[in-house]
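Below is one structure, written out as structure tokens; comments come after it.
Computed from the coordinates by the stated procedures, all read-outs in this text should not be read as laboratory data. On a predicted model such as this, the values are computed, not experimentally measured, just so you know. Cβ placement follows ideal geometry from the backbone for every residue including glycine, while neighbour counts extend to all protein chains displayed.
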Amino acid sequence: MSLVFRSIAFLPLVLTVSLSAATYYVAPPKSGGNNSNPGILAAPFAFIQHAATAAFAGDTVLIRAGTYRETITHAGSGTAFARITYQNYDNEFFTISGADFVSSASLILGSSSVYREPLAANFLTSSFNTALQVFWDGEMVAPAMWPNVTTNTNTCPTGIAQPVDIFYPAETVTTGFISKTRYTTAGLTTGVVSDTAIPPKSAGFYDGAETNFQPKTYMGVAY
């Protein structure tokens, strides 16, 4: 009688877990947050972005209560087995807002009780500033515009006149076509128009203003 012994090799299953995984804490400045801090619970960062720049695979970012007015771009990347985790700290509530706070002290009162606020130097060049929304006491309001509220009514394609209010400004008509340039390759015509009814202001007042054109069509010709 012969006995046959078979050798079976057991290979240990090893899960590699980063021993250097870190936990970063973030809190608003009024709660002790400062980007010069080490990012620990007793000395947290002030911005989530600062933690996002430091965090890598396996790390955790714990965010304390408050409103964070910032845009967050990840510097590192997690993996399927070592994710970068962002979560609130100890069930605290926080908000990431795309709105900048405007202090009443910086508002400039103009005519017709219209307030204005100087924009940041990079407002018109920043890729994040694709729209402008204004909130007052948490409610979105329409930015001031010209022409503003009048007793006239707008023309409407349906034939129903829309009452004019701040959301439906009155119609203005350009009073002159100063010059034009035709780009035949692109099929475009650019030009300069004028409107003498626009209220005259000091140099630079209209810098950054948004102008909307709605051409009328007569006999198939748009102008």
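Step through the residues of the range 96-109 one at a time and calculate ³J(HN,Hα) from phi using the Karplus curve (6.51 cos²θ - 1.76 cosθ + 1.60, θ = phi - 60°), rounding each to whole Hz and writing x for Gly and Pro.
Per residue, the Karplus-derived 3J(HN,Hα) values read 9, 10, x, 9, 9, 6, 10, 6, 4, 5, 8, 6, 10, 7 Hz.
What percent do you get for the relative contact order of the range 23-97 when only Cα pairs under 8 Å and 6+ apart count?
Relative contact order of the range 23-97: 30 percent.
Each residue of the range 47-63 in order: what ³J(HN,Hα) in whole Hz does its phi give by Karplus 6.51 cos²θ - 1.76 cosθ + 1.60, θ = phi - 60°, with x for Gly and Pro?
For the range 47-63, the Karplus-derived couplings read 10, 5, 4, 5, 6, 5, 6, 8, 7, 9, 3, x, 7, 10, 10, 9, 10 Hz, x marking Gly and Pro.
Filter the trypsin sites (Lys or Arg not before Pro) in the range 44-121 to those in DSSP coil with at most 14 other Cβ atoms within 10 Å of their Cβ, and list the result.
Sites meeting the loop and neighbour criteria: 83.
Along each of its three principal axes, how wide is the spread of alpha-carbon positions in the range 23-97, in whole angstrom units, largest first?
On the principal axes, the range 23-97 reaches 35, 23, 23 Å in Cα extent.
Taking amide H atoms as placed 1.01 Å from N in the peptide plane, list the residues 5 or more away in sequence, or in a different chain, whose amide H sits under 5 Å from that of residue 83.
Here the answer is 58, since their amide H atoms fall under 5 Å of that of residue 83.
Taking 45 Å as R0, compute the FRET efficiency from the Cβ-Cβ separation of residue 21 and residue 116 and round it to 0.05.
0.40
Report the paramagnetic label zone for residue 101: residues of the range 59-75 whose backbone N is under 17 Å from a point 7 Å from Cα along the Cα-to-Cβ axis.
Counting only backbone N, you get 64-71.
Give a residue-ordered list of calculated ³J(HN,Hα) values for the range 180-193 (Karplus: 6.51 cos²θ - 1.76 cosθ + 1.60, θ = phi - 60°; whole Hz; x for Gly, Pro).
8, 10, 9, 9, 5, 5, 8, x, 10, 10, 10, x, 10, 10
Calculate the FRET efficiency for residue 42 and residue 207 from the Cβ-Cβ distance with a Förster distance of 41 Å, rounded to the nearest 0.05. Could you put the intermediate results ahead of the total?
Working: r = 46 Å, r/R0 = 1.13.
Calculated value: 0.30.
Using amide H atoms built in the peptide plane, which far-off residues or other-chain residues are under 5 Å from residue 69 H to H?
97
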